[in-house]
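In what follows, a structure is listed as structure tokens, so that the remarks can point back to it.
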Amino acid sequence: MDSSVYMDFFARLAQETGDRKREFLELGRRAGRFPMASTSDGEISLWCSNDYLGMGQHPDVLDAMKRAVDEYGGGSGGSRNIGGTNHCHVDLERELADLHGKEDAVLFASGYSANEGSLSVLAGVIDDCQAFSDSANHASIIDGLRHSGARKHIFRHNDGQHLEELLAAVDPDRPKLVVLESVHSMRGDIAPLAEVAGLAKRYGAVTFLDEVHAVGMYGPQGAGIAARAGLDSEFTVVMGTLAKAFGMTGGYVAGPAVLMDAVRTHARSFIFTTALPPAVAAGALAAVRHLRRSDTERERLARNARLMHGLLRERGIPVLSDESHIVPVLVGEDRLCRRMSALLLARHGAYVQAIDAPSVPVGEEILRVAPSAVHEPGEIRRFVDALDGIWSELGAARRG
Ligand code: PMP
């Protein structure tokens, strides 16, 4: 057999993939100009950025990064274990542990590797762990649990009753870990944290809460949804990203020192990779500190999310949920969704990515709109007008 068999397979796969092949819009984001960006066709506005608070452009953050580059140079020079640990990493870990009221925190190169690496340890190195995972959990959680080898019990999305049934069916003496997201990445809905915390206590489970779409944006000092509900101490491990509200890149877990030590010692995605550049950690630290002091960005984000949800409701444009700043406009058909996205960009210079499988189930294709703290109310009104016009033109279904 020659290599053409292999190459032919991928040629056929490309054909089958057709227009679902991923192509990326190339953006020139300019410091201080967010939510505007340039493309080869001119200037556009971003409606799907995860830099929800615009911290990736904040002067304090940029200054901290520049100072760190001058002081420490470019890359970190190694893995955390082998010469790559800088003061910036350690200071940031202390700050994040303090933000979440936990004993310790561990930084990773991304939120993806934080979930994958820490869950593969926290559910994997302990014998016979039973992992209870929300059916809509992020790929990084799924991969972490898969790599842990733990027995998985999948509960229906945000369904506490189903979680209880599954917990009750397991031998009470087995170690248990419940894993969920607070604000769901695609649906934007919020998990019933009080119910989950109560169940975890009743059934003796440890809890792992992904607050990727919440840290910096909700709760006192931006500590997240659990903190907003006064439940932060009920969740054993909080996981977050530096890549969304904090405007940088990187991920972390925060929790009891004994668990964080185990993660540091055993998590392969922590050990076998180069540490974040010090300037990235310094920028993230500046963002975390700023958002602990300032409510302005959070208030603007909440105002903008309320405005957009209200306008969409008035027009009967369906959304999957209206509980957070993630506005998942439900189109429910992949071609239609991509067409809407293309028309918004071509006619109105408004960029919102169409989201299809595997990020969402087939039939739940969405325009995942993310109004940021830096959009102006007038821009939000114009965006909804533009979407409304295209919605009518393409004959998409409205809410009754
Ligand atoms: N968890 C959730 C819920 C996410 O949505 C994402 C990314 N969108 C991640 C983890 C991974 O975070 P990062 O982008 O920092 O890798």
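Figures for the structure shown
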{"item": "For the range 84-140, convex hull of alpha carbons as volume per residue, Å³", "result": "116"}
{"item": "Neighbour net charge for residue 63 - beta-carbon separation under 13 angstrom, K R +1, D E -1", "result": "0"}
{"item": "Rounded Å value of the spacing that divides the Cα centres of the range 285-350 and the range 83-150", "result": "28"}
{"item": "Charge dipole (debye, nearest 20) of the chain; +1 at Cβ of Lys and Arg, -1 at Cβ of Asp and Glu", "result": "560"}
{"item": "Percentage of interatomic Cα-Cα distances in the range 84-214 larger than 27 Å", "result": "18"}
{"item": "The range 242-400 - percent relative contact order, Cα under 8 Å, separation 6 or more", "result": "22"}
{"item": "Amide H within-cut-off set for residue 317, under 5 Å, with H built and near neighbours excluded", "result": "399"}
{"item": "Rotationally averaged projected area of the range 259-347 (alpha carbon convex hull; nm²)", "result": "10.6"}
{"item": "Compactness of the range 136-187 as Cα Rg over 2.2 N^0.38 Å, two decimals", "result": "1.19"}
{"item": "Mean residue ellipticity (222 nm) of the chain, computed from DSSP H runs ≥ 4 via -39,500 (n - 2.57), nearest 500", "result": "-13000 deg cm²/dmol"}
{"item": "Using alpha carbons only: equivalent-ellipsoid semi-axes of the range 1-129, gyration tensor based, whole Å", "result": "35, 29, 17"}
{"item": "Cβ-defined net charge surrounding residue 213, 12 Å radius [Lys, Arg +1; Asp, Glu -1]", "result": "-2"}
{"item": "Net charge dipole size for the range 336-393 [Lys, Arg +1 and Asp, Glu -1 on Cβ; Debye, nearest 20]", "result": "120"}
{"item": "Convex hull of Cα atoms in the chain, direction-averaged projection (nm²)", "result": "22.3"}
{"item": "Within the chain, longest stretch free of exposed chymotrypsin sites (Phe, Trp or Tyr not before Pro) [DSSP loop, at most 16 other beta carbons within 10 Å]", "result": "25-271"}
{"item": "Relative contact order (%) - criterion: Cα under 8 Å, at least six apart; region: the range 94-227", "result": "20"}
{"item": "Carbon plus sulfur fraction of accessible area for the range 215-267, probe 1.4 Å, in percent", "result": "53"}
{"item": "Surface share of carbon and sulfur [accessible, 1.4 angstrom probe, percent] for the range 76-166", "result": "46"}
{"item": "Where trypsin sites (Lys or Arg not before Pro) fall in DSSP loop in the range 317-400, at most 14 other Cβ within 10 Å", "result": "398, 399"}
{"item": "Contact order normalised by residue count of the range 165-223, Cα under 8 Å, 6+ apart, percent", "result": "38"}
{"item": "DSSP-defined beta bridges in the chain - what % are antiparallel, rounded to 5", "result": "55"}
{"item": "Long-range lysine pairs (8 or more apart or interchain), the chain, Cα under 24 Å", "result": "7"}
{"item": "Approximate shape of the range 43-90 as ellipsoid semi-axes (Cα gyration tensor, √5λ), whole Å, largest first", "result": "29, 14, 10"}
{"item": "Charge context of residue 112, other residues only, Cβ under 12 angstrom, K/R +1, D/E -1", "result": "-3"}
{"item": "Accessible area (Å², per residue) of the chain, counting only protein heavy atoms and a probe of 1.4 Å", "result": "45"}
{"item": "Neighbour-limited loop hits for trypsin sites (Lys or Arg not before Pro), the range 1-77 (at most 10 other Cβ within 10 Å; DSSP other than H, G, I, E, B)", "result": "21, 22"}
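The values are calculated or read from the model by the stated rules, or taken from the named source; none is laboratory data. Predicted model only: the values in this text are computed from it and were never measured. Cβ coordinates were reconstructed from backbone atoms using ideal geometry, including for glycine residues, and neighbour counts include every protein chain displayed. Ligands, DNA and RNA are stripped out before the accessible areas are found, and what is left, the full protein with its side chains, is counted by its heavy atoms. Shrake-Rupley method; radii C 1.70, N 1.55, O 1.52, S 1.80 Å.
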